[in-house]
């Protein structure tokens, strides 16, 4: 029995320990915040402090990072500013080891996948070293990032997919569904993984419909519907439940969410909130557009204009404060803001009046700006649309949705949905549009400094937290913001941003730190030899499949797994409009690495020599992975000019 156990576990244990040694080596090197550790360390800090934050990724990966922070004593006072040194009392190496430990299971799962495909133990063992000695995967797995978690769960999907294909049991398909849900819960790249599995299942169901009785087909369909649709969705929802349960405290990021979401945060529950809107008192006005921020202004003017910028801002500060003044006709003492009132909006900090001027600078419509003098363009009429509790003639804080209609210009104030350039600090553009739509709806958000004749709006705090409403709101906002990502020109985009056409043959890497000779540099870069043979193997795999499909029983599924899995995780990036980076290629790299085994199983004698070359190449480029000051010999191994590690 002992001998049997040794034979069964020797190979995966060797793979795991080798990977641990490679990834733990000099992991303490670089005692400062490297690259996106600045983001995910902050999110971990938010979980530990239970403060709400906004990010474009689902919560599971960041929750796992927060677990590492909890286990290794993350300093919650440390703000994870990019390039800042870790405090002496903080075990940042423990947090990095946590991520490296998780990623060390990836090649073990790849070994298991190879075994599921029918490869021998020794061939499966040697094939995984094309992943173990891949510099890029080592580099990205040693830091406090989401990619360790993403690659781990993606490898789980591949493993259980191949296992389920081999033995179609309820247990295996349930594991497959759970692993799909976990992958989706880390990053939406999991959608590509879901599509990859889904196409195979649809093809399988189509064949069974033609070959089986209808009752057998419906049973097969129901099992797949439950475990491959319902289960992943349930897993995805579960992590958002956990996310909302933990993050109960207020933060500046809450401005990305609706006002009704924000009142469920603890700090807001304890506040007094005026039910109605007093004239002459500071309030904030929030757009009801998806991810609508606050109406905002600051002292900077539009380029070559005399009016100051009026924008949408997704963080809370004093420049969000406005004072509503009524233009009284016959009323001696107007009480509260109500429907059809004609008003002026005075910016609290700069004392400029919100006005409508000439054409907007980047969108269709009129420009909204701040102006010192009162003009006809400064007059707005309040038009109530509805109230989610009870309609009244008065505008109520949070619950009343209304429009601001420019009487003179005959248009409605609204966000355009576009970001201003650098001169507008990348804040949202505000325009006045003829189009009367839901985009032009607003609500009063902050209304704490209310008069004695006003009353506390107690009813709004009795509204129950609506999980599905806020879940959909957050996911829609994540999608919108993720789609609109642009590169900050201050961060040398030519050194950081890359395009999918550069990834397959390793035309560039990524500078993970500022290129300052006074501290260690880290350069995310692949193993050029492994990159080359994996790309060649995935490209020729269709030819290999065509010439061997009649000889190998498993070939169709192997080809689907390696080639179509690669296509599903690589090709979509050519159609994504947002800014992209080198590390987006790593999920596809899992499949191209597997394709090495698919092609070379017909030439097994080459494997030891290729692994030796892979190891030598790994050693040559290891300084880029583990950190360096200056390595003179690397200039002789810089093949392309775009390899800018020197």
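The values are calculated or read from the model by the stated rules, or taken from the named source; none is laboratory data. Predicted, not measured: the structure shown is a model, and the values here were computed from it. Cβ coordinates were reconstructed from backbone atoms using ideal geometry, including for glycine residues, and neighbour counts include every protein chain displayed.
Condition first: assigned to a loop (DSSP other than H, G, I, E, B) and either free of Cβ contacts under 8 Å to residues at least 60 places away in the same chain or within 34 Å of the chain's Cα centre (by Cα) (or both). Can you find one or more residues in the stretch 453-462 that meet it? Scanning the stretch 453-462 turns up no residue that is assigned to a loop (DSSP other than H, G, I, E, B) and either free of Cβ contacts under 8 Å to residues at least 60 places away in the same chain or within 34 Å of the chain's Cα centre (by Cα) (or both).
Identify all residues within the stretch 463-499 that are assigned to a helix (DSSP H, G or I), modelled with pLDDT of 90 or more and over 18 Å from residue 233 (Cβ atoms); write none if there are none. Answer for the stretch 463-499, where residues must be assigned to a helix (DSSP H, G or I), modelled with pLDDT of 90 or more and over 18 Å from residue 233 (Cβ atoms): just 477. Across the stretch 154-179, which residue is farthest from the chain's Cα centre (by Cα) among those that are within 27 Å of residue 506 (Cα to Cα) and touching a residue at least 60 places away in the same chain (Cβ under 8 Å)? Checked the stretch 154-179; the qualifying residue farthest from the chain's Cα centre (by Cα) is 158. Out of the residues in the stretch 397-413 that are in contact with a helix residue (DSSP H, G or I) (Cβ under 8 Å, 6 or more places away or on another chain) and not in a loop (DSSP other than H, G, I, E, B), state the one that is surrounded by the most Cβ atoms within 10 Å (Cβ to Cβ). Only one residue fits best here, namely 413.
Of all residues in the stretch 366-395, those satisfying the criterion of being farther than 22 Å from residue 328 by Cβ and either outside any loop (DSSP other than H, G, I, E, B) or not assigned by TED's automatic domain parsing to the domain that holds residue 434 (or both) are 366, 367, 368, 369, 370, 385, 386, 387. For the stretch 277-287, a tally of residues being outside any strand (DSSP E or B) and in contact with a helix residue (DSSP H, G or I) (Cβ under 7 Å, 6 or more places away or on another chain) returns 1. When each of 363, 291 is tested for being assigned by TED's automatic domain parsing to the domain that holds residue 438, part of a loop (DSSP other than H, G, I, E, B) and touching a helix residue (DSSP H, G or I) at 6+ places or on another chain (Cβ under 8 Å), the lone residue that passes is 291. Restricting 274, 280 to those that are over 36 Å from the mean Cα position of the chain (by Cα) and either farther than 29 Å from residue 367 by Cβ or crowded, with 21+ Cβ neighbours inside 10 Å (or both) reduces the list to 274. The listed residues are 460, 407, and the only one of them that is in the same structural domain as residue 311 (by TED's automatic domain parsing) and more than 23 Å from residue 311 (Cβ to Cβ) turns out to be 460. Looking only at the stretch 496-510, filter to residues that are more than 17 Å from residue 537 (Cα to Cα) and out of contact with any strand residue (DSSP E or B) (no Cβ under 8 Å at 6 or more places or on another chain); which one of those is surrounded by the fewest Cβ atoms within 10 Å (Cβ to Cβ)? If we take residues in the stretch 496-510 being more than 17 Å from residue 537 (Cα to Cα) and out of contact with any strand residue (DSSP E or B) (no Cβ under 8 Å at 6 or more places or on another chain), then 501 is surrounded by the fewest Cβ atoms within 10 Å (Cβ to Cβ).
One line per residue, one yes/no per condition, for (1) farther than 27 Å from residue 292 by Cβ; (2) free of Cβ contacts under 8 Å to residues at least 24 places away in the same chain:
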| residue | (1), (2) |
| --- | --- |
| 14 | yes, no |
| 21 | yes, yes |
| 34 | yes, no |
| 37 | yes, no |
| 42 | no, no |
| 49 | no, no |
| 57 | no, no |
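Taking the stretch 254-276 as the range and being assigned to a helix (DSSP H, G or I) and within 18 Å of residue 472 (Cβ to Cβ) as the test, the residues that pass are 254, 256, 259, 260, 261, 262.
Examine the stretch 414-424 for a residue that is within 16 Å of residue 273 (Cβ to Cβ), touching a strand residue (DSSP E or B) at 6+ places or on another chain (Cβ under 8 Å) and not in a strand (DSSP E or B), and state whether such a residue exists.
For the stretch 414-424, residues within 16 Å of residue 273 (Cβ to Cβ), touching a strand residue (DSSP E or B) at 6+ places or on another chain (Cβ under 8 Å) and not in a strand (DSSP E or B): absent.
Regarding residue 27, is this residue modelled with pLDDT of 95 or more, over 30 Å from residue 241 (Cβ atoms) and in a helix (DSSP H, G or I)? Taking the combined requirement at face value, the residue does not satisfy it. Answer yes or no as to whether residue 624 is under 27 Å from residue 32 (Cα atoms) and buried (at least 23 other Cβ atoms within 10 Å of the Cβ). Answer is yes for this residue. Here is the figure for the stretch 49-92: residues that are crowded, with 17+ Cβ neighbours inside 10 Å and part of a helix (DSSP H, G or I) total 10. Can you tell me how many residues within the stretch 326-360 are assigned to a strand (DSSP E or B), surrounded by fewer than 16 Cβ atoms within 10 Å (Cβ to Cβ) and in contact (Cβ under 8 Å) with a residue 24 or more places away in the chain? Of the residues in the stretch 326-360, 1 are assigned to a strand (DSSP E or B), surrounded by fewer than 16 Cβ atoms within 10 Å (Cβ to Cβ) and in contact (Cβ under 8 Å) with a residue 24 or more places away in the chain.
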